[in-house]
Amino acid sequence: MIVLDKRRIKGIQPYPNQVHTAAFYAYINQHLTMMEPNRILVFDTVITNLNGGYSPNTGIFTTAVDGVYVFTFSIRDHSTSFCSYEIIKNSEVVGSAIGVLEGTTMQQHVIGTVVISAIHGDVIYVRTHSTLQHKGAILSNDHGRTSFAGWLISN
């Protein structure tokens, strides 16, 4: 039995699988105060932005391809703070995290991570909680960065 290599048949060329990738990592480059509810956090210093999906002007990541993505944030809060944050996909809350340090002199990182399905054009961002009042400053410097990252794991 003879098996023909389809690539050698006239007019048929090998078609490589198209691989899409997307990843970003950004952090806030200065301390922030006066956080009202529902405020989008803008992570203005971009370290990685494969395929340009993250905007350091708006704090929003826009998906270029359908797939499964991981998003994570780490927010350094000042002592005596009460703060809560949400990861938003379009207008839907897909993750949240809260930190309470009232009455202390310590600092903390509030961390949230989600693994979600998204389609081309979905927008993902981090904001202060939509209904809880934020109290205290968000810190970010060489001692601890407030950051946001995301990457495509499957499409």
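Every residue, every condition in (1) over 17 Å from residue 147 (Cβ atoms); (2) surrounded by 15 or more Cβ atoms within 10 Å (Cβ to Cβ), yes or no:
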position: 43; (1), (2): no, yes
position: 48; (1), (2): no, no
position: 54; (1), (2): no, yes
position: 74; (1), (2): no, yes
position: 90; (1), (2): yes, no
position: 98; (1), (2): yes, no
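Checked against (1) on the phi > 0 side of the Ramachandran plot; (2) not in a loop (DSSP other than H, G, I, E, B), residue 68 meets all criteria but (1). Among the residues making up the range 115-141, a single one is modelled with pLDDT under 95, open to solvent by 50 Å² or more (accessible area, probe 1.4 Å) and hydrophobic (A, V, I, L, M, F, W, C): 132. Kindly indicate whether any position in the range 142-155 is closer than 16 Å to residue 28 by Cβ, part of a strand (DSSP E or B) and modelled with pLDDT under 95. Yes, the range 142-155 contains at least one residue that is closer than 16 Å to residue 28 by Cβ, part of a strand (DSSP E or B) and modelled with pLDDT under 95.
The values are calculated or read from the model by the stated rules, or taken from the named source; none is laboratory data. Keep in mind that what you see is a predicted model, and the values were worked out from it rather than measured. So basically every Cβ, Gly included, is an ideal-geometry build from the backbone, and we count neighbours across all protein chains shown. These area figures cover heavy atoms from the full protein model, side chains too; ligands, DNA and RNA do not enter into them. Shrake-Rupley method; radii C 1.70, N 1.55, O 1.52, S 1.80 Å.
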